[in-house]
Every structure is written in structure tokens, then in C-alpha cells.
Amino acid sequence: MSSNLDLFSLDSTLSLVSPSVSLRDITIEVPLRLGILASGNGSNFAAVADAIAQGNLNAQIQVLIYNNPDAKAAVRAQNRGIPAKLLNHRDFASREDLDAQIVKTLCEYNVEWVIMAGWMRIVTPILINAFPNRIVNIHPSLLPSFKGVRAVEQALAAKVKISGCTAHFVSLEVDSGTILLQAAVPVLPDDTPETLHARIQVQEHRILPQAIALAASQF
């Protein structure tokens, strides 16, 4: 019989994903036109781009928008021949002004679905109303627990035994939109924010392309 430690030590790729769906089960007749918003390393952007390149997600990334000049997401986009546009939030007087420029840029690139893949900015009605029910976010917790920033640290501070990630529609209230997919991972006794976040990211990369397809299938 397995001990509790054995159960906690399961490879995160074996962790629970709910609902249980496969990209092969979702038919998208016309390629989705995606605009990706990213603030940092861009690993979730890369996961979506790879799913497209491998023929698992019928979509095309029209543009990547990033808000930090040093974001590695921009390099990932450029290496894939995908347009990358810097909209530095520090150059705008308000969140509304930033979102207005984001909407303008997305429309210039004929985007129909907006994917927040590590976008570390609170969005406003200007963006939400421009793409109603067409904005998907990935968040590193099992929502509705641990909304907002430092979700992994919040989970560790609460001493939870299971954490994970959530792909959801974006609503005006932060991290509160309708949930599309969730993946659960065990919290190990010696986890740090870095080690737990790394295992959660494995699942983010797994479920985000699925969530995009699932969201599109509802229209």
C-alpha cells in the first residue's frame, strides 16, 4: 500500500484535470484568431504556440502584447515570427488608457479571442466590453481560492495540501469569471514558492490550449 508521502510525490503530469477533455474531442472548423497578453517569461504563450504548431489547436496567434520591456515573451514571439507589440503600462496615465490602446492594437490585428497568459495587470471594462465572453485567463490557484497576486505564496501560507491552476473567462472582478478548466497538483511537505509554482506551470501549459478550444466551442 502506498504511503501518504508516495501519494504526495506523484508526478504532477498525473494530477487531476477537471473537466476531463481532450483537444481531439473539440472540433474548431475555422482557425481562432488569438491575441496573447503576457508580462513575463511567456511560457504559457509558448505552450499555446506549440499546441498550434503541433496541430492540436486550430488557431493562429495574430499578435503578442507585452507590458514589460524585458519580458522574455517578446523573444519567444519573435523567434516564432509572431508580431510582438510593447505597450508599457508606465507610459499610460490610467488603466483605462492602457486598455484602450490594447483594444486598438488587438483590432488592428483582427483578433477575436484574447488570452491572458501571465498578464499581470488588472483589466477594465474597456477591454472586457470590447471582447465580451472572449477573454480567457490562466491563474495559478484552484479558484475561487487565492485570487490576485502571489497566489502560490498564499496557498503555502494557508498550508493547503492541494493547489493547482484555473483557466477561466475574465470578468470585471479579479479572478472571478466562469471557470473553464482546473488542474490540481499536490503540495509537497518541502515545497517552496518556486518548486510549487514550477509544478503548477506544467499544468498551466497543459490546460490553457484546452481551455481556449473549450471556450470557443461554446459559441
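The values are calculated or read from the model by the stated rules, or taken from the named source; none is laboratory data. Remember, it's a predicted structure, so these values are computed and weren't measured experimentally. Ideal geometry is used to build each Cβ from the backbone, glycine not excepted, and the neighbour counts take in all protein chains shown. What goes into the accessible areas is simple: the full protein's heavy atoms, side chains included, and nothing from ligands, DNA or RNA. Shrake-Rupley method; radii C 1.70, N 1.55, O 1.52, S 1.80 Å.
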Practice task
Return yes or no: is LEU181 in a helix (DSSP H, G or I), touching a strand residue (DSSP E or B) at 6+ places or on another chain (Cβ under 8 Å) and open to solvent by less than 10 Å² (accessible area, probe 1.4 Å)?
Solution key: no
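Pick out the one residue from LEU127, LEU180 that is at pLDDT 95 or above and more than 24 Å from HIS89 (Cβ to Cβ).
Unique residue meeting the criteria: LEU180.
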Problem - GLY42 at positive phi, buried (at least 20 other Cβ atoms within 10 Å of the Cβ) and at pLDDT 95 or above - result: yes
Practice task
Search segment 34-83 for residues being outside any helix (DSSP H, G or I) and among the charged types (D, E, K, R), and hand back the single one that is nearest to ILE115 (Cα to Cα).
Solution key: ARG80
Handout entry: Qualifying positions in segment 42-68 - under 12 Å from the mean Cα position of the chain (by Cα) and of a type in the set (S, T, N, Q)
Key = SER43, ASN44
Handout entry: Selection from segment 84-135 of residues that are in contact with an Asp or Glu (Cβ under 7 Å, 6 or more places away or on another chain), open to solvent by 10 Å² or more (accessible area, probe 1.4 Å) and in a loop (DSSP other than H, G, I, E, B)
Key = VAL123, ARG134
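Of the residues VAL174, VAL152, VAL160, which is at pLDDT below 95, among the β-branched types (Val, Ile, Thr), surrounded by 14 or more Cβ atoms within 10 Å (Cβ to Cβ) and not in a strand (DSSP E or B)?
Answer to the selection: VAL174.
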Exercise for the section: Please name all residue pairs, on different chains or six or more residues apart, with Cβ atoms under 7 Å, provided the first residue is in segment 202-219 and is open to solvent by less than 10 Å² (accessible area, probe 1.4 Å) and the second residue is hydroxyl-bearing (Ser, Thr, Tyr). Expected result: GLN203/SER12; GLN203/SER15
Exercise for the section: Can you work out which of the residues in segment 23-37 that are in contact with a strand residue (DSSP E or B) (Cβ under 8 Å, 6 or more places away or on another chain) and in contact (Cβ under 8 Å) with a residue 60 or more places away in the chain is most open to solvent (accessible area, probe 1.4 Å)? Expected result: ARG33
Completion exercise
With the first residue restricted to segment 156-172 and required to be over 22 Å from ALA211 (Cβ atoms), and the second required to be open to solvent by less than 10 Å² (accessible area, probe 1.4 Å), Cβ contacts under 9 Å at 6 or more apart or on different chains are LEU156/SER163; LEU156/LEU196
